[in-house]
1. Step by step: first the residues of segment A:204-245, then only those that are away from chain B (no Cβ under 14 Å) and touching a Ser or Thr at 6+ places or on another chain (Cβ under 8 Å), then the one that is nearest to A:Ala289 (Cα to Cα). Which residue is that?
2. Which is in the same structural domain as A:Glu44 (by the TED database) and at pLDDT 80 or above, of A:Val93, A:Val84?
3. Any residue in segment A:372-385 that is over 50 Å from the mean Cα position of the chain (by Cα), surrounded by fewer than 21 Cβ atoms within 10 Å (Cβ to Cβ) and not in a helix (DSSP H, G or I)?
4. From the residues in segment B:38-70 that are aliphatic (A, V, I, L, M) and under 23 Å from the mean Cα position of the chain (by Cα), which one is farthest from B:Phe3 (Cα to Cα)?
5. When you go through (1) within 14 Å of chain B (Cβ to nearest Cβ); (2) farther than 30 Å from B:Thr100 by Cα one by one for A:Ile160, which number turns out not to apply?
6. Of the conditions (1) charged (D, E, K, R); (2) surrounded by fewer than 20 Cβ atoms within 10 Å (Cβ to Cβ); (3) under 29 Å from A:Ala244 (Cα atoms); (4) at pLDDT below 80, B:Arg120 fails just one. Which one is it?
7. Quick test of your reading of the structure: A:Ile58 fulfils all but one of (1) touching a residue at least 60 places away in the same chain (Cβ under 8 Å); (2) over 16 Å from A:Leu133 (Cα atoms); (3) not charged (D, E, K, R). Name the failing condition by number.
8. Examine segment B:2-17 for a residue that is within 22 Å of A:Glu260 (Cα to Cα), more than 14 Å from every other protein chain (Cβ to nearest Cβ) and of a type in the set (Phe, Trp, Tyr), and state whether such a residue exists.
Amino acid sequence: MNTATVPASGSIRRRLIVQLVAGAAVLAALLFFVVQDLSRRLAENAQDNVLIASATSISDAMRVEGQAITVDIPYSALSMLGSVSDDRVFYAVLIDGELLTGYENLEGPEGGGAATGRYAGDDVRVVAVERTLSVAGTLREARVIVAQTRSGQQAVRATIAQVAATLGVGFFVLSVVSGILAANAAVRPLRRLTGSIARRGPDDLRPVTAPAPQEMLPLVSALNGFMERLKASLSRSEDFIAEAAHRVRTPLATVRTQAEIALRRVERPENRAALREMIRAIDESSRSAGQLLDHAVVTFRSDTLEQTAIDLQTLAEETAERLAPLAEMRDIDLIVAEDSMPAPTRGDPILLTSALRNVLDNAIKYGPEAGRVTMRSYVEDQYAILSVEDEGKGFPDGEQALTGRFARGANVGGIVGSGLGLTIVEEVVSTHGGQLILRNHPEGGGACVLLCLPYLP
Amino acid sequence: MRFLLVEDNQGLADAIVARLELDGHVIDHAADLDTAAAFSDSTDYELILLDIMLPDGDGRTFLKDHRARQTETPVIVLTARSEVSDRVNLLDLGADDYLTKPFDFSELEARVRAVLRRRRGAASNHIRLADLGFDPLSGTLSIAGKTTQLRNKELRLLEVLIAAPDRNFSKAKLVDRLFSYDDDVSENAIEVYIGRLRKRLEGSGVAIVTTRGVGYRLTLQ
């Protein structure tokens with residue numbers, strides 16, 4: 001069998017997986033950034049709210065006493081900031097731009113609100129709250145600035161980023177796994193179809209009936225249609241071969257019977273001799289037609305070799321039983337040796353039966369009357385072997401030359417034969433990867449035919 | 001014996017009928033299933049030869065009906081199909097044997113003989129002559145309570161001779177009956193089998209007598 005190589009135009013499964021994984025990666029990255037951004041903003045908002053509350057409480061604590069403005073920084077204003085983390089807190093209270101109390105050079109956003117800036121070498125979040133105070137009829141602008149370093153917030157953000165990353169990676173891994181599973185699931189019906197067709201023997205041309213997904217139905221029905229046509233064409237060929245042999249042999253059988261009837265009536269020796277000669281010629285034609293049929297079947301079936309498990313011992317026993325009536329005609333005992341053992345191989349049962357039958361036909365035909373034909377199956381050197389021995393004259397020298405088409409041994413005497421038999425056997429055996437060995441029995445001198453087939457338990 | 005042949009190919013059917021009649025059987029020939037059913041309803045046959053592909057149906061239907069009626073008549077199927085599964089199927093349906101067309105007539109003859117022997121019980125067709133008991137189907141001789149098994153050629157020789165005691169058979173006739181035309185035998189080969197059969201018949205009160213220049217005959221002593 002030869003398998004034509006079809007160029008692969010990419011893999012559906014791989015393409016599906018790549019697409020799904022790429023999508024998952026983009027989504028995971030997006031998830032990571034969105035979560036991180038959201039967490040940054042939430043953390044900032046929280047800090048801003050505390051800072052504003054703190055600044056507001058400081059600003060609320062400002063008093064106008066006579067001409068002066070005093071501020072008594074409430075403890076809670078700073079403690080509420082301290083409770084969040086170890087971050088350092090800075091504050092400043094300015095009246096019309098003049099520092100009333102607090103840290104110098106602390107700058108907040110103009111007009112209030114929150115901003116990010118630097119102070120004393122640290123990143124700080126800074127808020128400003130403004131308030132107008134009336135001191136002895138004059139309006140004074142008071143400004144409260146509270147700042148806090150951001151290391152606590154950054155720690156929170158790092159934790160959240162880690163969680164976001166874990167989440168993103170987890171999401172990615174999950175998507176990849178489910179992507180691969182989905183791709184496999186998508187390809188599985190295709191594989192199942194391939195498997196169910198690949199497992200079939202070459203003669204199994206039944207339509208595929210296993211359920212297939214809707215997308216694959218056109219493929220399946222195209223395949224079924226193809227197999228239908230192939231089957232029709234194959235059976236036409238086999239029928240044709242059988243029909244041809246049948247057409248040749250039936251008229252021959254009629255003529256033979258007429259000749260036999262005539263032979264019973266005539267008495268003159270020369271007429272009898274002529275009729276006998278005629279019957280022999282007819283038998284030869286008929287047998288040749290049968291073997292041509294066998295040969296055609298072998299050639300035909302070899303192209304699509306079936307692989308069934310076959311035990312040569314069973315084959316020998318079945319064939320012995322089947323051919324017993326024929327062997328009996330010449331009082332020949334057809335036996336399977338007691339010491340036979342199972343000899344498993346694989347192949348086409350019809351071909352192997354046909355080969356064995358041809359060997360046995362020879363043995364029955366050329367072996368002596370009332371003799372014995374022994375079959376023996378055994379395993380040796382990785383070969384499953386079936387040997388057939390008779391007690392006849394054996395093969396003449398150069399036995400292997402006998403397997404050529406229409407070759408016959410020189411010592412066959414007056415026995416009818418076309419010489420196709422061993423050719424058929426040889427072809428069947430070599431088609432199965434085996435070997436046909438012909439030799440004469442070292443002691444008895446009878447023919448010994450060995451069908452050596454690959455040992456395949 | 002009476003056989004029924006169901007076969008639609010006229011040429012093949014004629015040949016089979018002629019051939020089996022040579023062996024002294026009576027053959028009814030049906031070319032389709034209807035005729036076959038009519039024949040088998042009205043007559044008891046000893047053997048049915050059945051083709052599978054017939055103009056009005058499948059021979060396997062006939063086989064199934066036949067077996068459903070509990071009839072013991074053995075059936076040999078003649079089939080053009082060579083598929084193994086078909087063979088198994090046929091034997092499951094109750095066929096006793098099968099022949100794949102095209103077949104050798106010697107094979108048909110051998111299988112008919114084998115099936116009849118297998119199917120029929122002992123004593124079914126027993127011939128008694130003096131102290132000799134002879135069952136042609138099983139090929140056994142019994143003389144004074146002692147049973148011996150004949151070999152194929154001895155059996156066929158005795159069959160011919162015992163069918164017409166005291167009639168002379170020429171060597172040529174006997175060779176025709178005993179040997180296939182494939183065998184290149186001289187007429188003297190028959191003497192070997194006559195000799196063997198004589199030994200077998202010792203003490204039975206039946207003997208084979210040589211008539212010089214004419215042939216052999218079976219006679220009571």
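1. Applying the filter and picking the extreme gives A:Val208.
2. That would be A:Val93, the only listed residue that is in the same structural domain as A:Glu44 (by the TED database) and at pLDDT 80 or above.
3. yes
4. Of everything passing the filter in segment B:38-70, B:Ile52 is farthest from B:Phe3 (Cα to Cα).
5. A:Ile160 satisfies all of (1) within 14 Å of chain B (Cβ to nearest Cβ); (2) farther than 30 Å from B:Thr100 by Cα except (1).
6. (3)
7. So the condition that A:Ile58 fails would be (2).
8. yes
The values are calculated or read from the model by the stated rules, or taken from the named source; none is laboratory data. Since the structure is predicted, the reported quantities are computational estimates derived from the model, not experimental observations. Glycine also receives a Cβ, built like all others from the backbone with ideal geometry; neighbour counts cover every protein chain displayed.
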